[in-house]
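The block underneath contains the structure these notes are about, expressed in structure tokens.
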Protein chains: 2
Amino acid sequence: MTTLGFALLGLLAREPLSGYDLAQQLKKPVGFFWHARHSQIYPELALLEAEGLVTHRVIDQTDRPDKKLYEITGQGRQVVGDWVTSPLPVPAVRDELVLRAYCVWLADRGRARAMFEEQARIHADSLAHYEAIKAWFEAEHHEQIRDITSPHFAGYAAVMRGVGYEREYTEWCRWVVTMLAAE
Amino acid sequence: MTTLGFALLGLLAREPLSGYDLAQQLKKPVGFFWHARHSQIYPELALLEAEGLVTHRVIDQTDRPDKKLYEITGQGRQVVGDWVTSPLPVPAVRDELVLRAYCVWLADRGRARAMFEEQARIHADSLAHYEAIKAWFEAEHHEQIRDITSPHFAGYAAVMRGVGYEREYTEWCRWVVTMLAAE
DNA sequence: TCTCACATGTAACTAGTTACATGATTGC
DNA sequence: GCAATCATGTAACTAGTTACATGTGAGA
């Protein structure tokens, strides 16, 4: 089982979806912590089905192409649940912007400043986006986000991380900008 | 040019190193934002040399195996400097722990709590590590860390990100733990 | 007419990981 | 004798990206 497989099972545990739907979900912002293209999703769904973790049925549609609606099986639910608490290998962080910061002493000051300003903007926008989703969770699911057996709690937890991550990232970018702008 | 190539050039711009040294550097904590195994580094160095961005000379050693010491060329320096401010593609975040949080409603509560407690510990340790390096920079290079043309400024900037990242990560893990522990 | 959203797939390639392979010296 | 550090490489595999491929219906 690959991590993508678990990501798909995690989404299908909430509601039945087609491969196309899954690809949409694995775009921002739900998929800020994991994402994939349809070219990776379709073969992965076939593998999940071969292992009995999902099933599909074809939905005939007149106004648009037919689709395969995937549903998680009881076994699939079990497998995701077990995976969540299984030993986690040390996470591999790769961040090209931090790598660029590490090399910024070799770059043109003005251009570097402009780049970090733009990155600050991008992460501030992303932060605003997550904060809006957080506010929506608090307004629409204020009960469920405290219930750890609810998917809304889990979604809220992920969004909380998104907020914290982007807030910190934005602050760091701005700090770099002030350093590059000094004097 | 791959990102790894730029990472290697960024290290070689500071001092000449062997492939083995580079592999050591690309381990924690310098390499918290980028890392690679020696199996990827050796071929990449050969490519960099073929492009005229680095050169090497063999250092004969009696007490240990001979090594190839790589040095960055003027062209190499130019190439890294330009890359730093070149357009940055949207960063692809992949975080398995957040994905697991998104699926935590399907898991056993006690086991999930234990896992997030352990992750909180790991990130708190990592934070302490970065904070020590930050303090070392401030004590040993208090002048250079304000000079944006100094590699120490760039190193300090990267470490600042490490501190912020791990601080936020630790806080989030602890928040998840308190949620899982409630009642 | 053309583009966009819906819908599903395969093929070719790239980056990165794991495993294989070798060999010297130092310290337990 | 055995493990660890230093030192350099290759081979096989996996995950993920980009590009190729096809086709419908709605709306500008």
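Read-outs: derived from the displayed coordinates by stated rules, not from any lab. Nothing here was measured: the structure is a model prediction, and the numbers come from that model. All Cβ positions, even for glycine, are placed from backbone atoms using ideal geometry, and neighbour counts span all protein chains on display.
Among residues of chain B, the one whose Cβ lies closest to the rotation axis carrying chain B onto chain A, together with that distance rounded to whole Å, is B:168, 2. Note on the range A:56-111: Kirkwood radius taken over Cα pairs, Stokes-Einstein applied at 37 °C and 0.692 mPa s, translational D equal to 193 µm² s⁻¹.
For residue B:62, the distances from its label point to the matching points in the remaining copies are 9.2 nm, ordered from shortest, with each point set 7 Å beyond Cα toward Cβ.
Volume per residue of the convex hull around the Cα atoms, evaluated for chain A, comes out as 170 Å³.
Legend: Rg and Dmax of the range B:96-181, from Cα coordinates, 16.9, 52 Å. Residue A:27 label point (Cα plus 7 Å toward Cβ) to equivalent points in the other copies: 4.2 nm, shortest first. For the residue pairs A:27/A:68; B:27/B:134; B:27/B:68; B:27/B:67; A:27/A:134; A:134/B:134, the C-alpha atoms sit more than 29 angstrom apart in A:134/B:134. Of the residues A:178, B:58, A:107, the one whose Cα sits farthest toward the positive end of the charge dipole of the protein assembly as shown, with +1 on the Cβ of Lys and Arg and -1 on the Cβ of Asp and Glu, is B:58. Modelled this way, with points 7 Å down the Cα-to-C-beta line, the labels at residue A:139 and residue B:131 are 3.8 nm from one another.
Counted residue by residue at 0.36 nm each, then reduced by the alpha carbon distance between them, the extension gain from residue A:59 to residue A:88 reaches 6.7 nm.
For the protein assembly as shown, the share of alpha carbon pairs falling in successive 10 Å distance bins from zero is 5, 21, 27, 24, 16, 7, 1, 0 percent. Using just its DSSP H runs of length 4 or more, each adding -39500 (n - 2.57), chain B gives a mean residue ellipticity at 222 nm of -20000 deg cm²/dmol after division by all residues. Across identical copies of the chain, residue A:2 has label-point separations of 1.8 nm, listed in ascending order, with the point defined 7 angstrom from Cα along Cα→Cβ. Database remark: amide H of residue B:17 closer than 5 angstrom to the amide H of B:70 (H placed geometrically; neighbours at sequence offset of 5 or more, or on other chains; Pro and chain starts carry no H). For the range B:6-89, the Stokes-Einstein estimate of translational diffusion at 20 °C and a viscosity of 1.002 mPa s comes to 160 µm²/s, using the Kirkwood hydrodynamic radius over alpha-carbon pairs.
Evaluate E = 1/(1 + (r/R0)^6) for residue B:37 and residue A:49, where r is the Cβ-Cβ distance and R0 equals 25 Å; express this FRET efficiency to the nearest 0.05. My answer for the efficiency is 0.15.
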